[in-house]
Amino acid sequence: ARLKFSDVSISLNGSRTEATVRMTRDGAIYSGSASGPGSPSSQMKLIAGATLRAIEDSGLASSSIVLEDATEVPISGRRVAVVMVNMVTDRGEEILTGSAVIKQDVWKGVVNATLDAVNRRLAIPHGH
C-alpha cells in the first residue's frame, strides 16, 4: 500500500513557522517536521519538506531526498501545487517533479504533489 495523506499542522512561534505532516500506511502513522520563516510561499516549502521527512520516517525512501522548490501554478483556471525534489542515489542526482490539483486545501495539495514526485521511487514491498 502507498503512503496516504493524514493531516498537516502548522504552528507559528514569532517569526518561525513549523510544519508537521502525518501520513499513514497499512495502519501505521509516520510524521515529519520542518521549520523556517513564515511567509506563505515558504509555508509551501516547509510542508513539502515535512512531507519528505515523513517519507523518510516511513523507511520507504532508499536514498536521501532534498527539496528543491514547492510552488503554486495557475493552470486553466485551477490552482496546481508543483514540487521539485532532488533524489541523491549512488548513481548520482535525479530531479523529480510532482503535481496535484489544489481543491480546497493548499497544504494537502502540497503533500500530494510531494508524494506524486517520489512515489515511483519509493521501495514499496511487493505483496502488500
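The values are calculated or read from the model by the stated rules, or taken from the named source; none is laboratory data. Because the structure is predicted, anything quoted here is derived from the model rather than measured. In this analysis, Cβ positions are derived from the backbone assuming ideal geometry, glycine residues included, and neighbour counts consider all displayed protein chains. SASA here: full protein model, heavy atoms, side chains in, ligands and nucleic acids out. Shrake-Rupley method; radii C 1.70, N 1.55, O 1.52, S 1.80 Å.
Screening Pro74 against (1) part of a helix (DSSP H, G or I); (2) more than 20 Å from Asp7 (Cα to Cα); (3) modelled with pLDDT of 95 or more leaves a single unmet condition, (1).
Residues that are out of contact with any strand residue (DSSP E or B) (no Cβ under 6 Å at 6 or more places or on another chain) and either at pLDDT below 95 or not in a strand (DSSP E or B) (or both) occur at least once in the stretch 81-90. Of the residues making up the stretch 29-54, those that are open to solvent by 30 Å² or more (accessible area, probe 1.4 Å) and assigned to a helix (DSSP H, G or I) are Pro40, Ser41, Gln43, Lys45, Arg53.
Within the stretch 78-117, the set of residues being surrounded by 21 or more Cβ atoms within 10 Å (Cβ to Cβ) and under 16 Å from Arg22 (Cα atoms) comprises Trp107, Gly109, Val110, Val111, Asn112, Ala113, Thr114, Leu115. Consider Thr20 carefully, then state whether it is of a type in the set (S, T, N, Q), within 18 Å of Val82 (Cα to Cα) and within 11 Å of the chain's Cα centre (by Cα). Answer is no for this residue.
Condition first: of a type in the set (S, T, N, Q), assigned to a strand (DSSP E or B) and out of contact with any Ser or Thr (no Cβ under 6 Å at 6 or more places or on another chain). Now tell me which residues in the stretch 8-28 satisfy that. Once the filter is applied, which keeps residues that are of a type in the set (S, T, N, Q), assigned to a strand (DSSP E or B) and out of contact with any Ser or Thr (no Cβ under 6 Å at 6 or more places or on another chain), the stretch 8-28 yields Ser11, Asn13, Thr17.
Candidates are the residues of the stretch 55-71 that are in a strand (DSSP E or B) and within 18 Å of Thr20 (Cβ to Cβ); the one that is modelled with the lowest pLDDT is Ile65.
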